[in-house]
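Rule-based calculations on the coordinates, nothing more; no lab input. Keep in mind it's a predicted model, so treat the numbers as computed, not measured. Quick reminder, even Gly has a Cβ in these numbers, built from the backbone with ideal geometry, and neighbours come from all protein chains shown.
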Amino acid sequence: MRRLGAILGLMTLEVSLMTPRVAESATRPPPLVIIVMENKPASKIVGNASAPFMNDFIALGVRFTNYEEGESKGPSLPDYLQLAAGSSCGRYSDTVEPGDSEISTRCTTTLWNQLEKSGHSWGVYMDGMPSACSSAVTHDDPATDGQYALKHNPATPFEAVFGDQALCKAHVLPYTSLDPAKLRDVSFVSPNICNDMHGSRSTKWTNCRSGTSALIERGDQWLADRVPEMLANGAQVFITFDESGTLYAVAAGPGLDAGTTDDTAYTHYSFLAAVEDRFGLARLKAASSAKPLPLSSFPPALAVQSLRRR
């Protein structure tokens, strides 16, 4: 039934994408959504029957077959910092506080500050976070049957974001605040530790045990329930993982050729460079020398590609 649900969701998406839409402005790119999953190399996802949606998503977009984390020097937190600030900011552990002083001293600005200053809309959407700009390091959330973790948040660890509470509360939000029909220019989505395939040793959450196929199925279904509506509303969606060597990295949406591959070497810094180039922003730290992911080039009509079934 899970496989059937994923297929039916994508078939519904195909029909919606073939429906004519009002043309976007030639000077305004489509909304961009990045969703970061956890701790799985591409080899654990591609071809895995426990991840039907993510494998079908490959046929819808461009698969980057040589995409890795920015620096292989730590667990989750450094990778989220890389995506937001172009650096691990001196932190190679998951120990973190809101507005963390060491992180903030080494990384005084972020992509989020750049977007805000340049007048572009953005949101960081955290599955299971108890409130906007929460100061919680972890939060067990019955509503999402999992745990929110600050170490998977690419905004609140920075004083440049957390120190401005009005900014933080307007932009760093529980995932329930995301409206697929009213997407901001850039949306960063982090599922909770069960929905992102990170998993736990605890048995208090459903299908959340680390190293199990049930955990992969749970994360895949979470995406299947949400991504098609984002795409149907004209977004470019990029799905990847935080760490573990060569990563699943696939982008689909307006201007991206369905069913294609790109074997260029890219990293998390390539994603940051692509977003900064997209909006004419200065590149931060290691993003300055990174080859950007090809997400910024799209035809003036911004026509949505039809889904090619495999």
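Given contacts defined as C-alpha pairs under 8 Å and at least six residues apart, what's the relative contact order of the chain, whole-number percent?
On the way: 703 pairs, mean separation 98.8, N = 310.
Once divided by the residue count of the chain, the mean separation gives 32 percent.
What does the charge count near residue 45 come to, summing +1 for each Lys or Arg and -1 for each Asp or Glu among other residues with Cβ under 14 Å from its Cβ? Working shown, then result.
Details: positive: 40, 44, 63, 218; negative: 38, 56, 196, 217, 220, 242, 243.
Local charge sum for residue 45: -3.
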Considering only C-alpha atoms, what is the centroid distance from the stretch 112-153 to the stretch 182-202, in Å?
9 Å
Note, ³J(HN,Hα) from phi for the stretch 109-123, Karplus 6.51, -1.76, 1.60, rounded to Hz, x at Gly and Pro:
9, 9, 4, 5, 5, 4, 5, 4, 5, 8, x, 9, 7, 8, x
Taking only C-alpha positions in the stretch 195-290, Rg and Dmax in angstrom work out to 16.3, 47
By the scheme Lys and Arg +1, Asp and Glu -1, what is the net charge of all other residues having a beta-carbon under 12 Å from that of residue 168?
-2
Would you grab the residues whose amide H sits under 5 Å from the one on residue 267? Only those 5+ places off in sequence or on another chain, please, with H modelled 1.01 Å from N.
68
C-alpha center-to-center spacing [the stretch 47-87, the stretch 239-257] in angstrom
5 Å
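Can you show me the helix-derived [θ] at 222 nm for the chain, built from DSSP H runs with n ≥ 4 at -39,500 (n - 2.57) apiece and divided by the number of residues, rounded to the nearest 500. Provide the component values of the computation, followed by the final result.
Values: 10 runs with 88 residues, N = 310.
That comes out to -8000 deg cm²/dmol.
Convert 10 °C to kelvin, take the viscosity as 1.306 mPa s, use the Kirkwood radius over C-alpha pairs of the chain as Rh, and evaluate the Stokes-Einstein diffusion coefficient in µm²/s, rounded to a whole number.
Details: Rh = 19.2 Å.
Result for D is 83 µm²/s.
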Cα gyration tensor shape for the stretch 149-201, rounded if a/c is under 1.5, else prolate or oblate:
oblate
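Hey, what did the stretch 93-201 get for relative contact order, percent, Cα under 8 Å, at least 6 apart? Don't skip to the end; give the middle numbers.
Details: 198 pairs, mean separation 39.8, N = 109.
37 percent.
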In vacuum, with every alpha carbon of the stretch 85-189 counted as one equal point scatterer, what does the Debye formula give for log10 I(q)/I(0) at q = 0.10, 0.17, 0.18 Å⁻¹? Two decimals, please.
-0.26, -0.75, -0.84
